[in-house]
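Read-outs throughout are calculated quantities, based only on the coordinates presented, and are distinct from any laboratory measurement. Fair warning: this is a prediction, and the values are worked out from it, not measured in the lab. Here the Cβ positions follow ideal geometry from the backbone for every residue, glycine too, while neighbour counts run over all protein chains shown.
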Amino acid sequence: MGAGKTSVGEAVAARLGWRFVDFDRTIEETVGVTVHEIFATFGERVFREHEQRVADVLLREDGVVLGTGGGWAAAGGRLAKLPPGTETFWLLVSPVEALRRVSGEPGRRPLLDVEEPLREATELLQRRAAGYALARWTVDTDGSTVEDVTARILAILAAEYPEQTLNE
């Protein structure tokens, strides 16, 4: 949350000439209500079921950059069970920086609609860190622009796949 998954994912996909898909947006388009409304009306369990259905479809596709929800990526060792050739990046962000970044989005972050959002963000990161750590690559996003993070990811991919060319 607030790590830059959507902004960075869109930028990386554009440079690769791939398609970007944000899990939350896809769920909202499919269900016809916002993520916040899903949480409020049906609960987190129903939202997570929608996330898994989206993942089941999209993980079969090639040429796509996925912006998964943080809960999806941390649950049940999902990153360890991805198809071969799937590259994973943990966009690491501190709780303080994450809150600063999402502060202009009231009502869009149901897990932070609490009395003490900093404490909740800190605990959320602590609970999810082991799952996120299964990502092949970790990129610290604190104090970085979307362009900086995008460049780091593209440099990693270029080193890993030197035969591929990136769209300029």
Whole-Å distance, taken between Cα centres, linking region 1-52 and region 56-87: 13
For region 1-158, with +1 on Lys and Arg beta carbons and -1 on Asp and Glu, the positive-most of 129, 50, 114 along the dipole: 129
Rough spin-label spacing in nm, given labels placed 7 Å along Cα→Cβ, for residue 42 and residue 100: 3.6
Residue-averaged 222 nm ellipticity for the chain, from DSSP H runs of 4+ at -39500 (n - 2.57), nearest 500: -16000 deg cm²/dmol
The chain - charge dipole about Cα centre, Lys and Arg +1 at Cβ, Asp and Glu -1, debye rounded to 20: 360
³J(HN,Hα), Karplus 6.51/-1.76/1.60, whole Hz, each residue of region 74-83, x for Gly, Pro: 8, 7, x, x, 4, 5, 6, 9, 6, x
Two-site FRET efficiency, residue 127 against residue 6, from Cβ-Cβ distance with R₀ of 35 Å, rounded to 0.05: 0.95
Separation in nanometres of the label points that stand 7 Å from Cα toward Cβ, at residue 156 and residue 81: 2.3
Rg to Rh, two decimals, where region 5-159 supplies the alpha carbon set and Rh follows Kirkwood: 0.94
